[in-house]
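Chemist: Attaching a single structure in structure tokens format; questions to follow.
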There are 2 protein chains.
Amino acid sequence: MCEANAYLRRDGKEELFLEMVDKVLPHEEGLVLEDIFGRRKVVKAKIAELALVDHKIILEKE
Amino acid sequence: MCEANAYLRRDGKEELFLEMVDKVLPHEEGLVLEDIFGRRKVVKAKIAELALVDHKIILEKE
């Protein structure tokens with residue numbers, strides 16, 4: 001599987017936000033992340049960086 | 001490997017922009033995409049969507 005873990009960057013530190021993310025889609029409140037089991041989590045943030053070989057999505061608050 | 005292909009969405013259609021993308025990083029002109037071989041391509045766009053199980057990154061012009 002080629003999912004990634006999403007981290008929220010705050011004050012230069014990265015906190016795990018959601019594991020095994022498949023989809024990231026625009027949402028009226030920011031983004032909706034969906035993991036490989038279909039579980040969804042909304043966050044008021046944007047995608048700052050990707051490092052897919054390291055399975056990382058870095059989000060930053062808007 | 002867990003790279004993805006990056007597509008640029010234009011007028012509702014998705015055009016392949018770069019294959020086997022590992023990293024996407026902010027760049028003064030938008031984003032810089034780096035593939036698994038270290039080849040880089042800059043684009044004035046933002047990340048609109050991810051579908052990692054389908055190996056897709058969707059970019060949209062800013």
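Chemist: Being closer than 20 Å to B:Asn5 by Cα and free of Cβ contacts under 8 Å to residues at least 24 places away in the same chain is the filter here, so list the residues in segment A:32-45 that pass it. Before the answer, list the steps.
Modeler: Of all residues in segment A:32-45, those closer than 20 Å to B:Asn5 by Cα come to A:33-36.
The one that is closer than 20 Å to B:Asn5 by Cα and free of Cβ contacts under 8 Å to residues at least 24 places away in the same chain: A:Glu34.
Chemist: Please go through segment B:32-55 and pick out each residue that is acidic (Asp, Glu) and surrounded by fewer than 14 Cβ atoms within 10 Å (Cβ to Cβ).
Modeler: Within segment B:32-55, B:Asp54 is the sole residue that qualifies.
Chemist: Hey, any hits in segment B:3-16 for a residue that's under 20 Å from A:Ala4 (Cβ atoms), without any contact (Cβ under 8 Å) to a residue 40 or more places away in the chain and of a type in the set (A, V, I, L, M)?
Modeler: Within segment B:3-16 (the criterion being under 20 Å from A:Ala4 (Cβ atoms), without any contact (Cβ under 8 Å) to a residue 40 or more places away in the chain and of a type in the set (A, V, I, L, M)), the answer is no, since none of the residues qualifies.
Chemist: Go through (1) acidic (Asp, Glu); (2) free of Cβ contacts under 8 Å to residues at least 24 places away in the same chain; (3) surrounded by 13 or more Cβ atoms within 10 Å (Cβ to Cβ) for B:Glu29 and report which single condition fails.
Modeler: If we test B:Glu29 against (1) acidic (Asp, Glu); (2) free of Cβ contacts under 8 Å to residues at least 24 places away in the same chain; (3) surrounded by 13 or more Cβ atoms within 10 Å (Cβ to Cβ), just (3) comes out false.
Chemist: Something else now. For A:Phe17, are the conditions met, namely being over 19 Å from B:Pro26 (Cα atoms), out of contact with any Lys or Arg (no Cβ under 9 Å at 6 or more places or on another chain) and of a type in the set (Phe, Trp, Tyr)? Spell out the reasoning first.
Modeler: Values: over 19 Å from B:Pro26 (Cα atoms): yes; out of contact with any Lys or Arg (no Cβ under 9 Å at 6 or more places or on another chain): no; of a type in the set (Phe, Trp, Tyr): yes.
No.
Chemist: Name the strands (runs of 3 or more DSSP E) wholly within segment A:1-58 that hold at least 3 residues that are more than 8 Å from the chain's Cα centre (by Cα) and more than 8 Å from every other protein chain (Cβ to nearest Cβ)? Walk me through how you get there before you give the answer.
Modeler: Working: elements: A:4-10, A:13-27, A:30-35, A:40-43, A:45-51.
In segment A:1-58, the matching strands (runs of 3 or more DSSP E) lie at A:13-27, A:30-35, A:40-43.
Readers should treat all values here as calculations from the given coordinates under stated rules, not as data from a laboratory. Since we're looking at a predicted model, the values are computed, not measured. Glycine gets a Cβ as well: all are built from the backbone with ideal geometry, and neighbour counts include every protein chain shown.
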